[in-house]
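The values are calculated or read from the model by the stated rules, or taken from the named source; none is laboratory data. Since the structure is predicted, the reported quantities are computational estimates derived from the model, not experimental observations. In this analysis, Cβ positions are derived from the backbone assuming ideal geometry, glycine residues included, and neighbour counts consider all displayed protein chains. Ligands, DNA and RNA are stripped out before the accessible areas are found, and what is left, the full protein with its side chains, is counted by its heavy atoms. Shrake-Rupley method; radii C 1.70, N 1.55, O 1.52, S 1.80 Å.
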There are 2 protein chains.
Amino acid sequence: MSERGVSAHDGDSRRRLGKADWTAAALAALAEGGVAAVAIEPLAARLGTTKGSAYWHYPSRDALLHATLERWEVEHTEAIITMVGSESDPARRLRVLLGSVLEHAAENQVEIAVLADADHPVVAPVLQRVTERRVSYLASLFAELGYGRGEARRRALLAYAAYLGHAQLLRATPEVLPAARSTQRRYLDQTIRVLTQGGGPSTG
Amino acid sequence: MSERGVSAHDGDSRRRLGKADWTAAALAALAEGGVAAVAIEPLAARLGTTKGSAYWHYPSRDALLHATLERWEVEHTEAIITMVGSESDPARRLRVLLGSVLEHAAENQVEIAVLADADHPVVAPVLQRVTERRVSYLASLFAELGYGRGEARRRALLAYAAYLGHAQLLRATPEVLPAARSTQRRYLDQTIRVLTQGGGPSTG
DNA sequence: GCAAAACCATACGCTACCGTATGGAGGTGG
DNA sequence: CCACCTCCATACGGTAGCGTATGGTTTTGC
């Protein structure tokens, strides 16, 4: 069970590669050029090797893409958990989560790519799992805030839709979004206020 | 100034084609397979002709794509205007607009495709115009509802983000959205309520 | 009814990528 | 020290699309 994936020789150039080297390069390409950029031959060039290596570690391009997305899924999930774990108050957690899209723009590039190719057969299942997990979690937060089951679920959907929509706006037309840091904060404040006011428990 | 684009012979099969025939076929392909499906050779096959025709009317694939997107832009804008024109009350207009994404799923396929390839160099400018126009319009609706400039703009952004997010959810993971017609209505009701409550005039 | 213009078919070459086949190099254990 | 297993390079063939070239076929205008 070594599971190293990336062989030793740290730092050296012409070392031999492992599975993890390929998914790492693929993640970088994913962030820069989207799903289409996860292509064997360009990646090989990028890694200073050839397709021979890739097809040794993975049977096909889709297999590499699959492995890459699964790696992203776990790393991303962990990242969110640790990010949110520092807060205990549900309202603050909500704020951290919703704020993350406005703050870190560059770090979400992989997510943007995944969303862009949502209907790709290899991407879809991953995205499905991530989405369901997130919405459920948001619903639990709203439940903690006192909303009934149905109401919490609906608010969670609305919140998540807002999150996705902002990601889309940030990617495609950032001009329409508030530019100044202060305006962004104000905007975030208002969004959360709007999402968490009115309609108390047993409304759904 | 004939500007027919699609030559006569209505209904016949082996007629000669005009510019408009190509953008029409491209729109269909766009809805079904996204931007990548707007490709000369497949379209030619679909039209029962050859590339020769395409490269007569358009100098390149990107030119065809460009023309197609511009056609979509104007037709889509007109469609929305007529759709909303039947309502006079700003709150009802808001409802019609936001409801459209939940109701008509199939008809928005082109928009979905455009959103998916938002950063494509040919797509981006079109999307930019459409987005800015829509957000401005939404902001004017919120202003009519009594919100101040800044507040109206922020609410418009939130509303539009919710719209975009729902489009994304509908495309990628429809399972998380309410399935039953009645639940959808309820959900739409709540969304609008949440978006239009609190924070009166001169708040921004 | 015939020249000119508009339109289309076919053949070609080019790029980018996929996947296979095969002959190695390079470490590693007995 | 050599057989073996791991890993890689190269060469090949295939697909899908772009764009060009060139000659042919319709229309249209006069």
Need one number: nm distance between label points at B:E175 and A:E32, each 7 Å from Cα along Cα→Cβ, rounded to one decimal. 3.5
B:A124 versus A:S182, label points 7 Å from Cα toward the beta carbon: distance in nm? 3.0
Of A:Q128, A:L158, A:H104, which is farthest towards the positive pole of segment A:80-169's charge dipole, taken about the Cα centre with +1 and -1 on the beta-carbons of Lys, Arg and Asp, Glu respectively? A:L158
What FRET efficiency do you get for B:E70 and B:R16 if R0 is 22 Å and r is their Cβ-Cβ distance, rounded to the nearest 0.05? 0.45
To the nearest 10 degrees, how steeply does helix B:61-85 sit against the main Cα axis of chain B, on a 0 to 90 scale? 40
Could you please report the charge total around A:G165, scoring K, R as +1 and D, E as -1 over all other residues with beta-carbon less than 14 angstrom from its beta-carbon? +3
Inter-copy label distances at B:Q128, 7 Å along the Cα→beta-carbon direction, one decimal in nm, shortest first? 3.7
Quick one: 3J(HN,Hα) in Hz for segment A:142-159, Karplus 6.51/-1.76/1.60 with θ = phi - 60°, rounded, Gly and Pro as x. 5, 5, 4, 7, x, 7, x, 3, x, 4, 4, 5, 5, 5, 4, 4, 4, 4
Whole-Hz ³J(HN,Hα) from phi, Karplus 6.51 cos²θ - 1.76 cosθ + 1.60, for segment B:48-55, glycine and proline x: x, 9, 10, 4, x, 4, 4, 6
Assigning unit charges at the beta carbon (Lys, Arg +1; Asp, Glu -1) and nothing else, what dipole magnitude in debye, to the nearest 20, does chain B show about its Cα centre? 280
Cα axis of helix A:181-196 to longest principal axis of chain A: angle in degrees, 0 to 90, nearest 10? 60
At the level of C-alpha centres, the distance separating segment A:33-47 and segment B:179-195, in angstrom, is 43
Can you give the FRET efficiency to the nearest 0.05 for B:A79 and B:L47, using r as the Cβ-Cβ distance and R₀ = 30 Å? 0.75
Cut-off under 18 Å on the C-alpha distance; same-chain residues fewer than 8 positions from A:K51 excluded. Which lysines are left, in chain and number order? A:K19
Take the solvent-accessible surface of the protein heavy atoms, probe 1.4 Å, and return the percent of it on the protein assembly as shown that carbon and sulfur atoms account for. 55
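Tell me, what is the per residue accessible area of segment A:87-204 in Å², probe radius 1.4 Å? Provide the component values of the computation, followed by the final result.
On the way: 4910 Å² over 118 residues.
Per-residue accessible area for segment A:87-204 comes out at 42 Å².
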In whole Å, what is the distance between the alpha-carbon centres of segment A:81-97 and segment B:96-131? 32
